[in-house]
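A quick write-up on the structure given underneath.
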């Protein structure tokens, strides 16, 4: 059977004159003679093989090649996707030893810092406003941004740690990039200075307390904070149910059988094709075509993208409109965000298109609301002359005070005329209940590369006629004028007696136990020992778990060492392979993790924890590891 499959592939490769190094059987090349590119196949090679398989109707092979092509795209994206422009360049940093002595003591263990200014410009007090920046760092100054980065706010001459979250860490050439997110408070017109500390090999993954809880796997998650619990569809990732965590715990849901798919409260996005033949929906996905998930103490992000499906998919599977939807849930906030983009891949006709629709079964609300172009929340029906100029919609109940309101923060397009800002709410939609539905297209013929964008905030607060509108209106003003973020270069004297507001010693240091060179068992000795733990499945690479970037964290508490480990992919799920298993069969020195760490003086117990978030990728591989794997370092 294997020869029957293999021979056509070899024949096609020969016919296409695909170039590859000549390998003489019986004389295997050494590991050093082959690059990573020579151990895999390029996108272009796979495309040629796919076309050849398609031409001769070898559909089984064609299907296998499409999966392999996808793997190539994902890996290339990991290595080469431009990270974006950081707030300040990697070269803009200072050393901690230039700070006032009191602050040096507080930040003991960290070597470098950057400065960020946060300014409130709209005259509105802020509480827990999400702030996100892209930062870059010299590669040789940090091993793991997730472990080492800490954020501090300067307040009355004192540095105070601020809980933060790192995600999207990538390596590009001699720099490391990441997104840094935190929740900021601010007085009106206030300017604040934040310090980003990094460069501490003894740092551990921070574990900040939070009301944000995320459970489940993949995109089918339950996400809750103090205000609500959001349940995402295990099939599509759409928001399926929302439970308001107050008093009786109203559960917002959409009942019935949908259109043959599991219903949810968020029904967007979709379009109707030429001649109103069918509606193609992302709610008809059998699973998410593509998704990314960020799980953290401050923010959980679920992003999904792909082409919508036909009611008889795959009989019709047009590649015309790419839909990209992202939910963002935050700690301590009674609202969440949805970002959406719909991009035309080619010219096509849409008889209708929806980019926001929410349906709630039952009679959970007594009144509807809508927001006008001036940011005023109105009660009741939308006047006829305002039907295409709506900037927010929602519902509330006069007695229970339950509410659900959407603010349309951005609704724009490129390559199209001005969008229609529709979506008037109705309290009773046949066989359901409350509903709003937005049809934005001003035309039916959509040109290639046209794009529709939206950002909506969905809010649930105790709502009364007196207090509800001003609270919602203030939220919108703040969201439309977010805090201003900028790089800054504040100067501080190292001597306390030379400044008007002398630095003060904070009540505690930035470092936790074991993070400032005070570990009872030296962290560096543990990391060095882990280099004796190899991945024997890479037979000749002689590469260890540190070089592969599989060790997320090392913690020491007394005589107990905890090692947090990621596995390379979901095909290898057993961490015990490295902790207790057969890696000792490696032809060079290789010892299982527990056995090796128990050899360190003072270690009584080794605890191994497995983590899947964030998922491992090749950005974590060290310089030595990349050399051993033959990876090109030009990216």
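The values are calculated or read from the model by the stated rules, or taken from the named source; none is laboratory data. Not measured: the values here are computed from a predicted model. Here the Cβ is made from the backbone with ideal geometry for all residues, glycine too, and neighbour counts use every protein chain on show.
Please go through (1) over 22 Å from residue 414 (Cα atoms); (2) in contact (Cβ under 8 Å) with a residue 40 or more places away in the chain; (3) surrounded by 19 or more Cβ atoms within 10 Å (Cβ to Cβ); (4) touching a helix residue (DSSP H, G or I) at 6+ places or on another chain (Cβ under 8 Å) for residue 360 and return the number of the only condition it doesn't satisfy.
In the conditions (1) over 22 Å from residue 414 (Cα atoms); (2) in contact (Cβ under 8 Å) with a residue 40 or more places away in the chain; (3) surrounded by 19 or more Cβ atoms within 10 Å (Cβ to Cβ); (4) touching a helix residue (DSSP H, G or I) at 6+ places or on another chain (Cβ under 8 Å), residue 360 misses (4) alone.
So if I check each of 246, 320, 281, 304, which one is under 23 Å from the mean Cα position of the chain (by Cα), assigned by TED's automatic domain parsing to the domain that holds residue 361 and buried (at least 16 other Cβ atoms within 10 Å of the Cβ)? Break it down into steps so the answer makes sense when it comes.
Working: 246 fails: under 23 Å from the mean Cα position of the chain (by Cα); 320 fails: under 23 Å from the mean Cα position of the chain (by Cα); 281 fails: under 23 Å from the mean Cα position of the chain (by Cα).
When all the criteria are applied, what remains is 304.
Answer with yes or no whether residue 466 is at pLDDT 95 or above, out of contact with any strand residue (DSSP E or B) (no Cβ under 6 Å at 6 or more places or on another chain) and surrounded by fewer than 19 Cβ atoms within 10 Å (Cβ to Cβ). Please lay out each step first, then the result.
Numbers: at pLDDT 95 or above: yes; out of contact with any strand residue (DSSP E or B) (no Cβ under 6 Å at 6 or more places or on another chain): yes; surrounded by fewer than 19 Cβ atoms within 10 Å (Cβ to Cβ): yes.
Against the criterion (at pLDDT 95 or above, out of contact with any strand residue (DSSP E or B) (no Cβ under 6 Å at 6 or more places or on another chain) and surrounded by fewer than 19 Cβ atoms within 10 Å (Cβ to Cβ)), residue 466 qualifies.
Please go through region 525-546 and give me each residue that is touching a strand residue (DSSP E or B) at 6+ places or on another chain (Cβ under 9 Å) and assigned to a loop (DSSP other than H, G, I, E, B), ordered by number.
So in region 525-546, the residues touching a strand residue (DSSP E or B) at 6+ places or on another chain (Cβ under 9 Å) come out as 526-527, 530-535, 541-545.
Within region 525-546, 531, 532, 533, 535, 541, 542, 543, 545 qualify.
Among the candidates 557, 596, single out the residue that is closer than 23 Å to residue 206 by Cβ, touching a residue at least 24 places away in the same chain (Cβ under 8 Å), out of contact with any strand residue (DSSP E or B) (no Cβ under 7 Å at 6 or more places or on another chain) and not assigned by TED's automatic domain parsing to the domain that holds residue 138. Break it down into steps so the answer makes sense when it comes.
Working: 596 fails: closer than 23 Å to residue 206 by Cβ.
Of the residues listed, the single one that is closer than 23 Å to residue 206 by Cβ, touching a residue at least 24 places away in the same chain (Cβ under 8 Å), out of contact with any strand residue (DSSP E or B) (no Cβ under 7 Å at 6 or more places or on another chain) and not assigned by TED's automatic domain parsing to the domain that holds residue 138 is 557.
Residues are listed down the side, and each one gets a yes or a no for (1) more than 30 Å from the chain's Cα centre (by Cα); (2) under 28 Å from residue 362 (Cβ atoms); (3) surrounded by 15 or more Cβ atoms within 10 Å (Cβ to Cβ):
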| residue | (1), (2), (3) |
| --- | --- |
| 382 | yes, yes, yes |
| 388 | yes, no, yes |
| 395 | yes, yes, yes |
| 404 | no, yes, yes |
| 429 | yes, yes, yes |
| 450 | no, no, yes |
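Would you confirm whether or not region 61-69 contains a residue that is assigned to a loop (DSSP other than H, G, I, E, B) and either modelled with pLDDT of 95 or more or not assigned by TED's automatic domain parsing to the domain that holds residue 616 (or both)? Don't jump to the end; show me each part of the working.
Our first condition is that a residue be assigned to a loop (DSSP other than H, G, I, E, B); within region 61-69, this holds for none.
No, there is no match, as no residue in region 61-69 is assigned to a loop (DSSP other than H, G, I, E, B) and either modelled with pLDDT of 95 or more or not assigned by TED's automatic domain parsing to the domain that holds residue 616 (or both).
Residue by residue through region 211-220, note down the ones that are surrounded by fewer than 17 Cβ atoms within 10 Å (Cβ to Cβ) and either at negative phi or without any contact (Cβ under 8 Å) to a residue 60 or more places away in the chain (or both).
Going through region 211-220, the residues surrounded by fewer than 17 Cβ atoms within 10 Å (Cβ to Cβ) turn out to be 211, 213, 215-218.
Within region 211-220, 211, 213, 215, 216, 217 meet the criteria.
Working only within region 601-625, note down all residues that are within 14 Å of residue 139 (Cβ to Cβ) and in a loop (DSSP other than H, G, I, E, B).
Matches in region 601-625: 621, 622.
Kindly establish whether residue 226 is outside the structural domain of residue 554 (by TED's automatic domain parsing), closer than 30 Å to residue 360 by Cα and out of contact with any strand residue (DSSP E or B) (no Cβ under 9 Å at 6 or more places or on another chain). Full working, then the answer.
Details: outside the structural domain of residue 554 (by TED's automatic domain parsing): yes; closer than 30 Å to residue 360 by Cα: yes; out of contact with any strand residue (DSSP E or B) (no Cβ under 9 Å at 6 or more places or on another chain): yes.
Yes: the conditions hold for residue 226.
Sort out for me the strands (runs of 3 or more DSSP E) sitting completely within region 273-382 that have 1 or more residues that are over 17 Å from residue 393 (Cα atoms) and modelled with pLDDT of 95 or more. Can you show your working first?
On the way: elements: 279-281, 290-294, 299-306, 321-330, 335-344, 352-354, 356-361, 367-371, 377-379.
The strands (runs of 3 or more DSSP E) meeting that bar are 279-281, 290-294, 299-306, 321-330, 335-344, 352-354.
Of (1) touching a residue at least 60 places away in the same chain (Cβ under 8 Å); (2) within 26 Å of the chain's Cα centre (by Cα); (3) crowded, with 17+ Cβ neighbours inside 10 Å, residue 110 satisfies all except one. Which?
(2)
Anything in region 420-444 that is outside any loop (DSSP other than H, G, I, E, B) and either in contact (Cβ under 8 Å) with a residue 40 or more places away in the chain or over 22 Å from residue 351 (Cα atoms) (or both)? List them, or say none.
Filtering region 420-444 down to residues outside any loop (DSSP other than H, G, I, E, B) leaves 421, 426, 433-438.
Within region 420-444, 426, 433, 434, 435, 436, 437, 438 qualify.
Does region 180-205 hold any residues that are within 19 Å of the chain's Cα centre (by Cα) and crowded, with 20+ Cβ neighbours inside 10 Å, and which are they? Even if it seems obvious, please write down each step before you answer.
From region 180-205, those within 19 Å of the chain's Cα centre (by Cα) are 180-183, 205; that's our starting set.
Scanning region 180-205 gives 180, 181, 182, 183.
Say we look at region 578-588 and pick out the residues that are touching a strand residue (DSSP E or B) at 6+ places or on another chain (Cβ under 9 Å) and at pLDDT 75 or above; which of these is surrounded by the fewest Cβ atoms within 10 Å (Cβ to Cβ)?
Looking at residues that are touching a strand residue (DSSP E or B) at 6+ places or on another chain (Cβ under 9 Å) and at pLDDT 75 or above, I get 580.
For region 133-147, give me the residue count where each residue is farther than 18 Å from residue 622 by Cβ, surrounded by 16 or more Cβ atoms within 10 Å (Cβ to Cβ) and within 15 Å of the chain's Cα centre (by Cα).
To start, the set of residues in region 133-147 that are farther than 18 Å from residue 622 by Cβ comprises 133-136.
Among the residues that remain, those that are also surrounded by 16 or more Cβ atoms within 10 Å (Cβ to Cβ) are: 133, 135-136.
Filter again for within 15 Å of the chain's Cα centre (by Cα), leaving 133.
Selection size over region 133-147: 1.
Okay, residues lined up against (1) closer than 22 Å to residue 483 by Cα; (2) part of a helix (DSSP H, G or I):
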| position | (1), (2) |
| --- | --- |
| 90 | no, no |
| 102 | no, yes |
| 110 | no, no |
| 115 | yes, no |
